[in-house]
Amino acid sequence: MGKIFDPVFMIQSFPEILKALPITLFIAFVSAVIGLVIAFIVSFIRYSNIRILSPIAKAYISFIRGTPDLVQIMLVYYGIPLFLKAINEKFGTAFDVNGVPSIAFAIIALAINAGAYMSETMRSSLLAVDSGQLEACYSVNMTRLQALWRVIIPQAIGIAIPPLSNTLISLIKATSLVFTISIIDLMAQAKIVGSRSFRFFEIYVVVSIIYWVICAVVAFALSKVEVHAKRYERKVDQ
Amino acid sequence: MIQLDNVSKSFEGTQVLKNINLTINQGEVVTLIGPSGAGKTTLLRLLNWLEVPDSGRITVGEVTIDASKYSKHDVRRLRGQSSMVFQHYNLFKNKTVLENVTESLVIVSKLKQKEAEEKAEALLKKVGMGDKLHDYPANLSGGQQQRVGIARALAVDPKVMLFDEPTSALDPEWVGEILHLIKQIAAQGMTMILVSHEMRFVRSVASRIIFLEHGELVEDSNPKDLFENSKSVRTQAFLQKLTYEEV
């Protein structure tokens, strides 16, 4: 029998596991960016209460909030190939259903997921901007779009950053589910390394430390961005 | 110059303005007084289309809008005639003092950045804020913020300026100087409509006072007549409620 806990093995397995870090970061980054775009559009639809689209947006958010991340990944993973197949049959196109890399499914699923949460954050941040700001824009004859773009959105960004930071961290953690659709991310790599040595506990300690560091760095960076976005609120001693 | 024809407005079933008819001429300084809930602020905000009337017609300067049929374009033209000074200043929090004034000049009036800055600086000097151009509103006192609010409203070259209780959110120490500034602008011939509770100021600055109650124009008169021999029992009752010092 070896040691109960092997710290040397643990430290030695860092490099092996870190090989999968770029995949995890890539998935997190790309889905965050796409998620932000989705969120921007959806929050605008909800904020402006655009007919027909607004209830659809509401249903989308409700569905994403009400279903587990893992189930959403499965729906995308199995659903999109069926969808492509149906299109091929109907329109005689030749999309290669098997040619879509798993990572694309992961990114689509996570972006749709993050987009829903972020859109709610953005909408409530827009609503949190003092209504007097919009009135002041109107009083000097700015249009609604000019007001949003130049006064309301810049102020909403400062309000939105702390909750957006939370969503981003949830997204980073949710990438640990993509091993279920055969992507070698940090989590899958840990399983591989762990099954070679049977020292699973050490390996998962390593993985947890890596996630922790990523999330801490992201939270720190965004807190700096927040300070910058709210620079106009800072009181200066005279 | 300004005309309201049969203008009505209600909020959730409560009628705040009842069939208002009113004409205001160029150069007049009109003050709206009355108990809270009388509809003074709503009337003022209608002129800037910050409230939309339920019915009636509103004319400001060269633009007339009928509440039953109007376009976004009409609203922009109407808003272009006037500008508003708010009770809570409503300065753009994310913009400096200078930017608060240049914003509309660049975005709406399409002046070049440099011209806009020159015009804004001149206005800010005029209101006594020439030394705070690059401060953000968060670092200004209430009185200073309201000066910037006045400069911002002047910048759009309005045909009429609307003041919505411009001093009621201020600490008492700043009230005097803001009232003084408003009086200076009035002296230059600007058409103004004010909602104010500063009766002594109202009396000294207004050329005409309108007393509103329950959404109706009760009395419309010059300051001397209204304060000294009001014809309306309701006006008298309102004025009596104010402390002796205020009147």
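The values are calculated or read from the model by the stated rules, or taken from the named source; none is laboratory data. Bear in mind that the values here come from a model prediction, so they are computed numbers and not experimental data. Positions of Cβ are generated from backbone atoms using ideal geometry, with glycine treated the same way; all protein chains shown enter the neighbour counts. Heavy atoms of the whole protein, side chains included, go into the accessibility calculation; ligands, DNA and RNA do not. Shrake-Rupley method; radii C 1.70, N 1.55, O 1.52, S 1.80 Å.
Numbers below:
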| read-out | value |
| --- | --- |
| Helical mean residue ellipticity (222 nm; -39500 (n - 2.57) per DSSP H run of 4+; nearest 500) of chain A | -25000 deg cm²/dmol |
| Among A:96-102, B:30-36, A:20-26, B:95-101, the order from most to least packed when residues are scored by Cβ within 10 Å on average | B:95-101, B:30-36, A:20-26, A:96-102 |
| Dipole of the range A:23-185, positive end: most advanced residue of A:Leu75, A:Ile56, A:Met122 [Cβ charges, Cα centre] | A:Ile56 |
| Dipole in debye (nearest 20) - the range B:92-157, about Cα centre, beta carbon charges: Lys, Arg +1; Asp, Glu -1 | 100 |
| Heavy-atom surface of the range A:122-233, accessible at 1.4 Å and reported per residue (Å²) | 45 |
| At R0 = 25 Å, FRET efficiency that the Cβ-Cβ distance of B:Lys241 and B:Asp220 yields, to 0.05 | 0.80 |
| Delta accessible area of at least 40 Å² on complex formation, residues of the range B:88-115, 1.4 Å probe, chain isolated as reference | B:Asn90, B:Phe92, B:Lys93, B:Asn94, B:Glu103, B:Ile107, B:Val108 |
| Average beta-carbon neighbours from other chains, 10 Å sphere, peptide B:68-78 | 1 |
| Positions from the range A:126-142 whose accessible area shrinks by 50 Å² or more when the full protein complex is built, not the chain alone, probe 1.4 Å | A:Gln133, A:Glu135, A:Ala136, A:Tyr138, A:Ser139, A:Val140, A:Asn141 |
| Equivalent ellipsoid semi-axes, the protein assembly as shown, via Cα gyration tensor eigenvalues times 5, rooted, Å | 61, 26, 19 |
| Rough spin-label spacing in nm, given labels placed 7 Å along Cα→Cβ, for A:Ser54 and A:Lys173 | 3.4 |
| Per residue accessible area of chain B, 1.4 Å probe, in Å² | 44 |
| Candidates A:Ile87, A:Ile153, A:Ile103, ranked by Gaussian network fluctuation over chain A, Cα under 10 Å, top entry | A:Ile87 |
| Relative contact order of the range B:92-157, pairs being alpha-carbon contacts under 8 Å that are 6 or more residues apart, as % | 46 |
| Size of electric dipole in the range A:1-152: Cβ of Lys, Arg +1 and of Asp, Glu -1, about Cα centre, debye, nearest 20 | 360 |
| Per-pair calculated FRET efficiency, R0 = 22 Å: B:Met1 and B:Ala187 via Cβ, rounded to 0.05 | 0.75 |
| Gain upon complete extension [A:Ile4, A:Val227; 0.36 nm per residue less C-alpha separation] | 75.7 nm |
| Intensity falloff of the range B:92-157 expressed as log10 I(q)/I(0), Debye formula with alpha-carbon point scatterers, at q = 0.17 Å⁻¹ | -0.47 |
| Net dipole in debye of the range B:125-182 [+1 Lys, Arg Cβ; -1 Asp, Glu Cβ; about Cα centre; nearest 20] | 300 |
| Surface share of carbon and sulfur [accessible, 1.4 angstrom probe, percent] for the protein assembly as shown | 59 |
| Selection from B:Trp174, A:Ile45, B:Ala206 lying farthest towards where the dipole of the protein assembly as shown points positive, charges on Cβ | A:Ile45 |
| Candidates A:Ser182, A:Ser165, A:Ser223: whichever shows maximal mean-square fluctuation once chain A is modelled as a Gaussian network with Cα springs under 10 Å | A:Ser182 |
| Set A:Lys235/B:Lys132; A:Lys224/B:Lys132; B:Lys18/B:Lys224; B:Lys119/B:Lys183; B:Lys93/B:Lys114 screened for pairs whose C-alpha atoms are more than 25 Å apart | A:Lys224/B:Lys132; B:Lys18/B:Lys224 |
| Cα pair count fraction exceeding 28 Å, expressed as % - the range A:28-168 | 31 |
| Residues of type lysines that B:Lys72 reaches as a straight line, Cα spacing below 23 Å, ignoring anything fewer than 8 places off in the same chain | B:Lys9, B:Lys110, B:Lys159 |
| Choice from A:Tyr117, A:Tyr78, A:Tyr211 with maximal GNM fluctuation in chain A (Cα, 10 Å cutoff) | A:Tyr78 |
| Cβ-Cβ FRET estimate between A:Lys85 and B:His197, R0 fixed at 51 Å, reported to 0.05 | 0.10 |
| Buried accessible area, chains B and A (both chains, 1.4 Å probe, Å² to nearest 100) | 2300 |
| For the range B:1-66: rounded, prolate or oblate by the Cα gyration tensor [a/c cutoff 1.5] | oblate |
| Shape category assigned to chain A from the gyration tensor of Cα positions, a/c cut at 1.5 | oblate |
| Cα gyration tensor, chain B - rounded (a/c under 1.5), prolate or oblate | oblate |
